[in-house]
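Accompanying notes for the structure given below.
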Amino acid sequence: MSKPINFELPGYCDICEKDVVFRARFSWFRDHLLCPSCESVPRERALMQVLKQHVPNYRSRRVHESSPCGRGVSKRLKRECRKYTYSHFFPDVSGGEIHPERGERSENLEKLSFRDELFDLFITQDVMEHVLDPAAAFREIARVLKPGGAHIFTVPLVKKAAKSERRAERAPDGTVMPLAEVQFHGNPIDEQGSLVTMDWGYDIAEFIDDSCGMSSQIIMIDDMKRGIRAEYIDVILSRKR
């Protein structure tokens, strides 16, 4: 349970690259330890640090982001990367088509419309816990990455050292069948939110390898002076061999 607090700490934000005063008005830092300049939260700042360290030439790379949140890393990538594209999943719009009202591309991670080996970098932020067939999604991301390309993403590893568990699956008739208490997380394009379909643990790296052959490392960062401290803010870096 997040409790009201009044927390402030001077530090440096890796996204807006400014000296700032990080602030939190609630104790659940994962969602509430904010940068006042770019509005980022700890997991976004951790992802930016991994991106700078492991793909320092990201600005010149062909980048695709699925379901950007419209702040922090997403805004910076859109601003700095000439070859940046993004998409959302609109159930009523075919993959590769543009939503008639929003003017944004629709893509289903389980069946991307992109050609093989198109991107150098694929970004997802707290998306992979909402996919009904994550093995298919990881295979598709690997397919559209160039050899040596990377999928850099955040996902809450709530199970930690325990085995990952499904919370929902697709029934044979196409309907969604809950396997645990229904939970929703925020969705930038849907007020109802996104259904949580997986509780991931550290075995996600093995799952990715088994699904698509990409090798993965889980990167854990704890650096309060850079506003990177909270539960479940690990960054996963998967490389296409």
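The values are calculated or read from the model by the stated rules, or taken from the named source; none is laboratory data. As the structure is a computational prediction, the values presented were derived from the model and not from experiment. FYI the Cβ positions are ideal-geometry reconstructions off the backbone, even for glycines, and counts take in every protein chain you see. What goes into the accessible areas is simple: the full protein's heavy atoms, side chains included, and nothing from ligands, DNA or RNA. Shrake-Rupley method; radii C 1.70, N 1.55, O 1.52, S 1.80 Å.
For the stretch 13-150, what's the relative contact order in percent, using C-alpha pairs closer than 8 Å and at least 6 residues apart? Don't jump to the answer; show the numbers that get you there.
Working: 234 pairs, mean separation 25.7, N = 138.
Relative contact order here is 19 percent.
In debye to the nearest 20, how big a dipole does the stretch 159-219 give about its Cα centre with +1 on each Lys and Arg Cβ and -1 on each Asp and Glu Cβ? Working shown, then result.
On the way: 6 positive and 11 negative charges, 30 e Å.
My answer is approximately 140 debye.
Between Lys225 and Glu8, with labels modelled 7 Å along Cα→Cβ, what's the label distance in nm to one decimal, could you check?
Placing both labels 7 Å along Cα→Cβ, they lie 2.1 nm apart.
Restrict the search to the stretch 46-76; then list the trypsin sites (Lys or Arg not before Pro) that DSSP places in a loop and that have at most 12 other Cβ atoms within 10 Å of their Cβ. Please report the intermediate quantities before stating the final value.
Values: sites: Lys52, Arg59, Arg61, Arg62, Arg71, Lys75, Arg76; in loops: Arg61, Arg62, Arg71.
In loop regions of the stretch 46-76 (DSSP not H, G, I, E or B), there are no sparsely surrounded trypsin sites (Lys or Arg not before Pro).
With a probe of 1.4 Å, find how much accessible area the stretch 1-70 has per residue, and write the answer as a whole number in Å². Could the numbers behind the result be given before it?
Working: 3420 Å² over 70 residues.
Solvent-accessible surface per residue comes out at 49 Å².
Given contacts defined as C-alpha pairs under 8 Å and at least six residues apart, what's the relative contact order of the chain, whole-number percent?
Numbers: 555 pairs, mean separation 46.4, N = 241.
Relative contact order, the chain: 19 percent.
Return the single residue from Asp14, Asp133, Asp190 with maximal mean-square fluctuation; model: Gaussian network over the chain, springs between Cα atoms under 10 Å.
Highest fluctuation of the listed residues: Asp190.
Counting only heavy atoms of protein chains, what accessible area per residue, in Å², does the stretch 144-241 have with a probe of 1.4 Å? Can you show the working numbers first?
Details: 5080 Å² over 98 residues.
Result: 52 Å² per residue.
Leaving out ligands, DNA and RNA, what percent of the accessible area of the chain is carbon and sulfur, probe 1.4 Å?
48 percent
Among Gly11, Ala162, Ser40, whose Cα projects farthest towards the positive end of the dipole of the chain, with charges put on the beta-carbon of Lys, Arg (+1) and Asp, Glu (-1)?
Gly11
Just to be sure I understand: of the beta bridges DSSP finds with both ends in the stretch 1-131, what percent are antiparallel, rounded to 5? List each step's numbers first, then the result.
Working: 11 of 20 bridges.
Restricted to the stretch 1-131, the bridges split so that about 55 percent are antiparallel.
Mind ranking 30-39, 83-92 by how tightly packed they are, going by the mean number of other C-beta atoms within 10 angstrom, highest first? Could you put the intermediate results ahead of the total?
Working: 30-39: 18.6, 83-92: 16.5.
Ranked from most to least packed, the peptides come out as 30-39, 83-92.
Principal axes first, then extents: for the Cα atoms of the stretch 73-128, list largest minus smallest coordinate on each axis, whole Å, largest first.
Ordered largest first, the stretch 73-128 gives principal extents of 30, 27, 22 Å.
Quick one: net charge around Gly96, please, counting Lys, Arg +1 and Asp, Glu -1 for every other residue with C-beta under 11 Å from its C-beta. Don't skip to the end; give the middle numbers.
Details: positive: Arg105, Lys111, Arg115; negative: Glu97, Glu107.
Once all neighbours under 11 Å are counted, the net charge is +1.
Mind listing which chymotrypsin sites (Phe, Trp or Tyr not before Pro) in the stretch 1-54 are in a DSSP loop and have 15 or fewer other Cβ atoms within 10 Å? Working shown, then result.
Numbers: sites: Phe7, Tyr12, Phe22, Phe26, Trp28, Phe29; in loops: Trp28.
Loop-located and lightly packed - Trp28.
Would you mind telling me the antiparallel percentage of the DSSP bridges in the stretch 56-160, rounded to 5?
Percent antiparallel among DSSP bridges in the stretch 56-160 is about 10.
Using every Cα-Cα pair within the stretch 63-187, state what percent have a distance larger than 22 Å. If you can, show how the numbers build up before the last one.
On the way: 3043 of 7750 pairs.
I get 39 percent for the Cα pairs in the stretch 63-187 exceeding 22 Å.
If you take every DSSP beta bridge fully contained in the chain, what fraction is antiparallel? Give it as a percent rounded to 5. Walk me through the numbers before you get to the answer.
Working: 30 of 46 bridges.
Bridges in the chain that DSSP calls antiparallel: roughly 65 percent.
When you take every Cα atom in the chain, what is the radius of gyration, and what is Dmax, the widest Cα pair distance, in Å?
17.5, 53
Please give me, ordered by residue number, the trypsin sites (Lys or Arg not before Pro) of the stretch 153-228 that lie in loop per DSSP and have at most 11 other Cβ atoms within 10 Å.
Details: sites: Lys159, Lys160, Lys163, Arg166, Arg167, Arg170, Lys225, Arg226; in loops: Lys159, Lys163, Arg167.
Passing sites in the stretch 153-228 are Lys163.
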